[in-house]
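S.K.: I have a structure I would like to understand better, so I am pasting it below and will then ask my questions one at a time.
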Amino acid sequence: MGSDPWGLTPFPARDLRRPAGSDPTGLTPVSASALFAVLLGGALVVLLLGIAYEHHPVATIDREVAQWVAESMPLWAEWIGRFFSWLGGWLGWTLITAGLLVLLVTNGRGRDALWAAATIAAIYLVVTPLLKELFDRPRPDVGSAVPLPFSYSFPSGHSSGAVVMFGVLALLGAERWPERTRPLCVGAAIVAFAIGASRVVLNVHHVSDVLAGFALGLAWLAAMLLVRGSRRLIGNSRRDG
């Protein structure tokens with residue numbers, strides 16, 4: 001197989017104790033152009049939804065779904081929603097990320113740990129909060145199963161964070177076990193979707209908030225994979241020189 005100048009070609013199966021700093025993007029032979037497309041496409045979706053949520057039909061759908069949830073959501077669905085909401089919340093993502101970092105560091109993968117920590121922490125602590133402040137959208141106010149958070153509504157931080165966190169886990173897992181790439185990716189997508197959907201079920205987010213969160217998470221993950229590939233390209237060039 002020819003070399004990929006972005007360092008994004010798949011890695012073969014290998015022991016966990018491989019050299020620190022090797023690329024965790026061994027999911028598929030994803031090209032840099034495809035990652036750019038995901039980055040730009042995700043950013044565009046966030047922008048369009050940010051413009052459209054005050055207008056029909058997006059505003060109408062958001063309002064009608066929130067009203068239905070407040071009046072008709074089954075109690076069992078609310079309890080399932082509570083679990084997935086917790087999983088994607090502060091305590092859940094902190095515990096999952098901490099466990100991942102410990103595993104990586106103890107297996108000599110310090111640079112992988114640094115990349116994963118920066119990728120996950122930034123989406124939860126910097127990128128999404130900044131966009132929330134920018135759009136300044138109120139949360140649904142027709143009744144919620146849990147107390148409404150104090151932060152703004154658009155985009156959903158649970159949704160964006162879940163896509164990034166479980167995307168990172170799937171990529172790292174697919175590099176280690178390439179034969180399990182499909183179930184890892186499908187599993188990550190299902191969990192991320194469930195976390196985002198839980199925010200609608202609990203009526204703390206509009207549907208458009210969650211969709212924008214998914215798009216933002218994909219865009220950020222693509223951006224950080226491009227950063228990863230660029231860093232490997234620079235490192236390889238220095239070694240070859």
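What follows draws every value from the coordinates through simple rules; no lab data is involved. Please read all numbers here as calculations on a predicted model, not as lab measurements. When we count neighbours, we look across all protein chains shown, and the Cβ atoms used for this are built from the backbone with ideal geometry, even at glycine.
S.K.: Please go through region 200-209 and give me each residue that is part of a helix (DSSP H, G or I) and touching a Phe, Trp or Tyr at 6+ places or on another chain (Cβ under 9 Å), ordered by number.
M.R.: V201, S208, D209
S.K.: Scan region 200-209 and tell me whether some residue there is in contact (Cβ under 8 Å) with a residue 40 or more places away in the chain and farther than 30 Å from E64 by Cβ.
M.R.: No, the conditions are met nowhere in region 200-209.
S.K.: Moving on. Taking the conditions exactly as written (in contact (Cβ under 8 Å) with a residue 24 or more places away in the chain and either more than 22 Å from A118 (Cα to Cα) or part of a helix (DSSP H, G or I) (or both)), does L225 satisfy them or not?
M.R.: Criteria met by L225.
S.K.: Taking the condition surrounded by fewer than 15 Cβ atoms within 10 Å (Cβ to Cβ), of a type in the set (A, V, I, L, M), within 24 Å of the chain's Cα centre (by Cα) and not in a loop (DSSP other than H, G, I, E, B), does L39 pass?
M.R.: No, not satisfied.
S.K.: From the list F154, F166, which residue is farther than 30 Å from H55 by Cα and crowded, with 23+ Cβ neighbours inside 10 Å?
M.R.: On inspection, the qualifying residue turns out to be F166.
S.K.: Pairs only if they're at least six apart or on different chains, beta carbon under 7 angstrom, first in region 76-104 and crowded, with 18+ Cβ neighbours inside 10 Å, second acidic (D, E) and assigned to a helix (DSSP H, G or I); list them, first residue then second.
M.R.: If the second residue must be acidic (D, E) and assigned to a helix (DSSP H, G or I), the pairs left are L104/D112.
S.K.: Moving on to the next point. Which residue pairs have Cβ atoms closer than 6 Å, lie 6 or more positions apart in sequence or on different chains, and pair a first residue in region 136-147 that is touching a residue at least 24 places away in the same chain (Cβ under 8 Å) and surrounded by 10 or more Cβ atoms within 10 Å (Cβ to Cβ) with a second residue that is in a loop (DSSP other than H, G, I, E, B) and among the hydroxyl-bearing types (S, T, Y)?
M.R.: Sorted first by the residue in region 136-147, then by its partner, the pairs are R137/Y152; R137/S153; R139/S153.
S.K.: Cβ-Cβ below 8 Å, separation at least six or inter-chain, first residue in region 165-185 and polar (S, T, N, Q), second not in a helix (DSSP H, G or I): which pairs?
M.R.: Between residues of region 165-185 that are polar (S, T, N, Q) and residues that are not in a helix (DSSP H, G or I), the close pairs are T181/L27; T181/T28.
S.K.: Taking interchain pairs and intrachain pairs at least six residues apart, which have beta carbon atoms under 6 angstrom, with the first residue in region 49-67 and among the acidic types (D, E) and the second surrounded by fewer than 15 Cβ atoms within 10 Å (Cβ to Cβ) and part of a helix (DSSP H, G or I)?
M.R.: If the second residue must be surrounded by fewer than 15 Cβ atoms within 10 Å (Cβ to Cβ) and part of a helix (DSSP H, G or I), no pairs are left.
S.K.: Shifting gears a bit: Considering only region 83-99, state which residues are assigned to a helix (DSSP H, G or I) and either within 29 Å of L48 (Cα to Cα) or among the aromatic types (F, W, Y) (or both).
M.R.: F83, F84, S85, W86, L87, W90, W93 - these are the residues of region 83-99 that are assigned to a helix (DSSP H, G or I) and either within 29 Å of L48 (Cα to Cα) or among the aromatic types (F, W, Y) (or both).
S.K.: How many of the residues in region 89-111 are of a type in the set (G, A, S) and touching a Phe, Trp or Tyr at 6+ places or on another chain (Cβ under 9 Å)?
M.R.: 1
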